[in-house]
Each structure stands twice: as C-alpha cells, then as structure tokens.
Amino acid sequence: MNILLLEPYLTGSHAAWARQYAACSRHRLQVLGLPGRHWKWRMHGGAVTLAGMWMESAFPADLILATDMLDLACFQGMTRHLCGRVPSVLYFHENQLTYPWSPRDADPDRQRDAHYAFLNFTSALTADAVLFNSRYHHDAFFEALPPFLKRFPDCRPTDGIERIREKSRVMHLGLDLRRLDGYRVEKPDTERVPLILWNHRWEYDKNPEAFFAALFALADEGWAFEVAVLGEAFAETPDIFQQARQRLGKRIVHFGYARDFGEYARWLWRADILPVTSIHDFFGISVVEAMYCRTWPLLPRRLAYPEHLPVKWRGQHLYDHADELLERMRSLLADPTILASADTRCWVEHYDWNRQKSCYDDFFESTIEAFCLSEPYHGKDTFAVGNLL
C-alpha cells in the first residue's frame, strides 16, 4: 500500500519520525515536506505548496498521513480531483490549543493566536482518523476544545468535538532507540561524583529556571555533582543558561549542542540523574532517550511523563513541587547506589520502531479497509493518483 506523508515542518523530531517510519514500514511511503522554519507561515501556506508538490510527483496514494502543521481541509480542497476517494489520517505531534505561547510573541495579545488552533480543529474534522502521540495529549486537546470554541461569537461548531473524539486514538511516537546502543559506555563506579543531565531545547517551555534553581541550591549546600548541559540553543536563549555557566563553573563538564549523535548518546549513557522541570511536553522524546540509557528520571507528576513509568515505580520518580524535587535529588546525591535499582530501559524500549512499526502499519491498513467498506463504490484502484493526472 502507498502512503503519502505530509509534513509542512520537516525538521528535528518531526523529520526523524517521518523518515524513520518511511524506512521501516512494510508499506511504501512518500514523504513530502518543507523546511522547518516560519511555523506560522507553514500552517497558513504549507498546504498550498504541498498540494502542488503532490500533483507534480504523481505518487499513487492509497492513504494520506498528515501532521498537525498541515491545513488538511485546504490541502484536500486543492487536490479534490485526486484525493476525494483517499482516506486521510491526521497525526498530532503538538497542537495549538494547549501549546504555551512564547512571552515574546505578540499574537496572543492581539488575539491572532486563535486561528492556528482553529486550523487544528478543522483539520481534525476533515480527517478520517486522528492520532495523538500520548494519552495526555489526547485528553488535553479535548479538554481545551469546548472553552476554545465558545470564544467565537456564534455558529460555534461544538458538535464537531464528539465527531473528532469518535475517530481519535493514541499512537505513541516511534523512536530509533536502538541506535543509542551503538554508543553505549558503561557508567563508572558508584564512588564517582554523580552526573546530572539536561538534554532538552534551551527554550522557555522546558523551564530551565526551575532546573538550575535546584542545582544552585544543591551547590550552595555543598553537594558534590557534575552537570552536562546538552540540547539545541536558538537565537533567543533564556538568560539563565549563561548565569548557570558562571555560577556552576567547573561543575559543568559539557555545555552546548553535541557535535553529533554519537557524542549526544555517550553523554546520555554516562549521565546518572535526569531532573525534568518542563511546563510543557506532549510526549518527551529527550526524556525517553535518557531513560533508555538508564538515566534515573525525576519527572513532574503531570503532562505525558507518567505514561513512561510503570505504576509501581511512579512514587520514586514523580514529584509534585520544587521542594520535593530538591529533596529527591539530595537523597540520590547522598546515596548514589540507589541509581542502580531500576532498569529504566525496559520501561521505554517499546517505543522503538522495531515494536511500533507494526502498530502503525496495521492501523493504516485497517483504516483503508474501513474506508472501503463505508464507500462500497470506491475500488482501491481509484486511489491511484497517477491514473488521474
């Protein structure tokens, strides 16, 4: 079967997800995407450009798999002579209803933010099936929809909420976790100074202020530890990173974006403790990667993080407030032997594409079968784009 995968923001984790699935699927995938920049323009205009790219490619799609950055209704309207009988699936990596806006962005103050969330809503209405990358994401989306739609003056399409819910399900991200195995290094003996890890983007939604506040407190108390600060920095980086570099000084053994994946992976294998302070995360790829490398996670009891832990271990790895996080870190620094008591790798290894690819492939096959049954006059041969050009 042929799957057309549309990603208007083909970079970073979005690109990895699309290309890795294309490489491991038993189906044939054509990935069409645009450079990962100007995200607002991608949501406005990406559908127009990708529609043209598909018509030029003549790829014979049996199913369209689009991500949340695409205006799916616009895309299908522009290609209706090609995709009228092709089922579509919308995959939510994130959504614009609950994604926290940057404090530097003027759109919320000018009430221009609602349009992007409404595009997510209309795309979900248009799709034949809707997928979310975590249970938390699924629940947060449907919790946010009613108050969002009530913001509009009249003709509020609230009946669409249940229509979307009925065709929605959770499909966790597939990740190439096994790639990390090729860079595995054994952690030194427990007599060494524990290594604390930051491996997220250097942005406001990852809440670096809370992370470094905990480290400053531990340093002031005289605890022995080292810090590896990884992750991608952007033009506007929170000031706290430079403050931390000065204040933590020689405790910082790495500071900045890793030169390549191998260097990144080796730091994950070396790390001991992963304190996470993010105020937003729909899935948490960097957290799962560190857990796969047997780094001890300390995670807030919210967002998607509880999904990555067995129920019996949540009491030791989840926290509710900053003081509790600090106390957990003190306990680990006081007795690093605790760090060897949990095999965090086995908790997340099911996210590897080796396991996830069948879930994706089987679901897309069943989607096509259901679509054919609901449209008995649609033969599969009519899905072939090449015959219609």
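The values are calculated or read from the model by the stated rules, or taken from the named source; none is laboratory data. Note that this is a predicted model, so its numbers are computed, not measured. FYI the Cβ positions are ideal-geometry reconstructions off the backbone, even for glycines, and counts take in every protein chain you see.
When segment 360-389 is filtered for residues that are surrounded by 14 or more Cβ atoms within 10 Å (Cβ to Cβ) and modelled with pLDDT of 95 or more, the ones remaining, listed by number, are Tyr360, Asp361, Phe363, Phe364, Glu365, Thr367.
Conditions tested, residue by residue: (1) without any contact (Cβ under 8 Å) to a residue 12 or more places away in the chain; (2) crowded, with 21+ Cβ neighbours inside 10 Å; (3) closer than 11 Å to Leu4 by Cα.
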position	(1), (2), (3)
Ala23	yes, no, no
Pro35	no, no, no
His38	yes, no, no
Glu56	yes, no, no
Ala61	no, yes, yes
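On the basis of being surrounded by fewer than 24 Cβ atoms within 10 Å (Cβ to Cβ) and outside any helix (DSSP H, G or I), does Arg19 make the cut? No, not satisfied.
Residue-level check: of (1) more than 18 Å from Met329 (Cα to Cα); (2) surrounded by fewer than 17 Cβ atoms within 10 Å (Cβ to Cβ); (3) touching a helix residue (DSSP H, G or I) at 6+ places or on another chain (Cβ under 7 Å), Ala217 misses just (1). Tell me yes or no: at least one residue of segment 187-204 is touching a helix residue (DSSP H, G or I) at 6+ places or on another chain (Cβ under 7 Å), surrounded by fewer than 17 Cβ atoms within 10 Å (Cβ to Cβ), outside any helix (DSSP H, G or I) and of a type in the set (S, T, N, Q). Yes, segment 187-204 contains a residue that is touching a helix residue (DSSP H, G or I) at 6+ places or on another chain (Cβ under 7 Å), surrounded by fewer than 17 Cβ atoms within 10 Å (Cβ to Cβ), outside any helix (DSSP H, G or I) and of a type in the set (S, T, N, Q).
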